[in-house]
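Asks: Below you will find the structure I want to go over with you.
The values are calculated or read from the model by the stated rules, or taken from the named source; none is laboratory data. Bear in mind the structure is a predicted one, so any value in this text is a computation, not a measurement. Cβ placement follows ideal geometry from the backbone for every residue including glycine, while neighbour counts extend to all protein chains displayed.
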Amino acid sequence: MTDDTQTTTHFGFQTVSEGEKAGMVHGVFSRVASKYDIMNDVMSVGIHRVWKDAMMDWLAPRPGQKLLDVAGGTGDVAFRFLRRAPGASATVCDMTESMLIEGQKRAEAESLAGQLDWVVGDAMALPFADSSFDVYTISFGIRNVTRVQDALTEAFRVLRPGGRLMVLEFSQLPNPGLQWAYDRYSFNVIPVMGQVIAGDRDSYQYLVESIRKFPDQETFAEMIRQAGFGQVKYRNLTMGIAALHSGWKI
């Protein structure tokens with residue numbers, strides 16, 4: 001007999017039970033881990049690097065700060081943070097160990113090893129004490145979390161008073177014509193790239209679908225406020241293909 005009351009969520013355009021989603025997402029990122037950085041460059045024509053630099057510009061890392069980068073995978077954001085903040089430290093937390101292993105193989109990881117920790121963990125139940133970090137970042141990862149509001153609540157918990165949340169995520173273009181063109185590219189080109197480069201069409205089909213299921217900028221900003229954050233703001237990047245969201249634990 002099945003449990004008809006089981007809570008459901010989405011996995012791309014599929015409806016699945018909440019209990020299934022984490023394992024399915026883990027499977028996606030385990031399969032693409034070795035090609036993840038290459039695919040990011042190809043899919044975005046390198047623009048994801050500009051977005052992450054814009055994230056650092058707004059964040060303005062300071063010496064000695066402690067960063068928690070959730071869904072940090074191969075360390076892109078943590079490396080950028082540490083290069084800008086002498087004496088800072090960073091913990092990269094990701095539910096997929098193979099992504100962390102790929103990050104540890106990068107040259108930056110070796111040169112910054114004394115300032116970096118790599119931790120397997122769930123964004124909805126972080127393995128850290130209250131008020132442990134000055135900065136919490138998550139880049140292109142929160143849309144994969146089963147319960148986004150729970151992840152934001154955890155972000156608030158692990159930040160110190162005065163700490164800052166910053167989320168970089170794909171978003172919605174405010175112009176319907178541009179959104180239509182972007183959708184054509186996303187659904188017709190990116191899964192094919194995934195097949196050719198990573199040998200995995202289905203994972204990149206999911207990633208495209210997950211972007212469409214994520215809340216728009218205003219809705220997500222309100223979710224950040226509901227988690228307890230103040231001074232919540234966002235900035236669109238590349239006309240809204242991605243957006244940066246900022247909030248403070250006041």
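Asks: For segment 207-231, which positions are at pLDDT 95 or above and hydroxyl-bearing (Ser, Thr, Tyr)?
Replies: Matches in segment 207-231: THR219 only.
Asks: Still on this structure, I have one more. For residues in segment 220-250 being assigned to a loop (DSSP other than H, G, I, E, B) and of a type outside the set (Phe, Trp, Tyr), which is farthest from LEU173 (Cα to Cα)?
Replies: ILE250
Asks: Considering only residues that are crowded, with 24+ Cβ neighbours inside 10 Å and closer than 18 Å to LEU126 by Cα, which ones fall in segment 54-82?
Replies: Matches in segment 54-82: LEU67, LEU68, ASP69, VAL70, ALA71, GLY72, GLY73, GLY75, ALA78.
Asks: Quick check on ILE241: is it buried (at least 21 other Cβ atoms within 10 Å of the Cβ) and within 16 Å of the chain's Cα centre (by Cα)?
Replies: Numbers: buried (at least 21 other Cβ atoms within 10 Å of the Cβ): no; within 16 Å of the chain's Cα centre (by Cα): yes.
Spelling it out, it is not the case that ILE241 is buried (at least 21 other Cβ atoms within 10 Å of the Cβ) and within 16 Å of the chain's Cα centre (by Cα).
Asks: For segment 90-128, what are the residues that are among the acidic types (Asp, Glu) and modelled with pLDDT of 95 or more?
Replies: Scanning segment 90-128 gives ASP94, ASP117, ASP122.
Asks: With the condition kept exactly as written, say whether any residue in segment 109-130 is in contact with a His (Cβ under 9 Å, 6 or more places away or on another chain) and in contact (Cβ under 8 Å) with a residue 40 or more places away in the chain.
Replies: No, the conditions are met nowhere in segment 109-130.
Asks: When you look at ARG49, is it assigned to a helix (DSSP H, G or I), charged (D, E, K, R) and either modelled with pLDDT under 75 or within 16 Å of the chain's Cα centre (by Cα) (or both), yes or no?
Replies: Considered against the rule, which asks whether it is assigned to a helix (DSSP H, G or I), charged (D, E, K, R) and either modelled with pLDDT under 75 or within 16 Å of the chain's Cα centre (by Cα) (or both), ARG49 comes out as yes.
Asks: Would you be able to say whether some residue in segment 91-104 is surrounded by 19 or more Cβ atoms within 10 Å (Cβ to Cβ), in a helix (DSSP H, G or I) and touching a strand residue (DSSP E or B) at 6+ places or on another chain (Cβ under 8 Å)?
Replies: Yes.
Asks: Further question: Mind listing whichever residues of segment 152-172 are under 11 Å from LEU244 (Cβ atoms) and of a type in the set (D, E, K, R)?
Replies: Once the filter is applied, which keeps residues that are under 11 Å from LEU244 (Cβ atoms) and of a type in the set (D, E, K, R), segment 152-172 yields only GLU169.
Asks: Sticking with this structure for a sec: Going through segment 122-153 one residue at a time, which ones are in contact with a strand residue (DSSP E or B) (Cβ under 9 Å, 6 or more places away or on another chain), of a type in the set (Gly, Ala, Ser) and assigned to a strand (DSSP E or B)?
Replies: SER139
Asks: Residue check: is TYR206 in contact (Cβ under 8 Å) with a residue 12 or more places away in the chain, out of contact with any Phe, Trp or Tyr (no Cβ under 6 Å at 6 or more places or on another chain), assigned to a strand (DSSP E or B) and hydroxyl-bearing (Ser, Thr, Tyr)?
Replies: Considered against the rule, which asks whether it is in contact (Cβ under 8 Å) with a residue 12 or more places away in the chain, out of contact with any Phe, Trp or Tyr (no Cβ under 6 Å at 6 or more places or on another chain), assigned to a strand (DSSP E or B) and hydroxyl-bearing (Ser, Thr, Tyr), TYR206 comes out as no.
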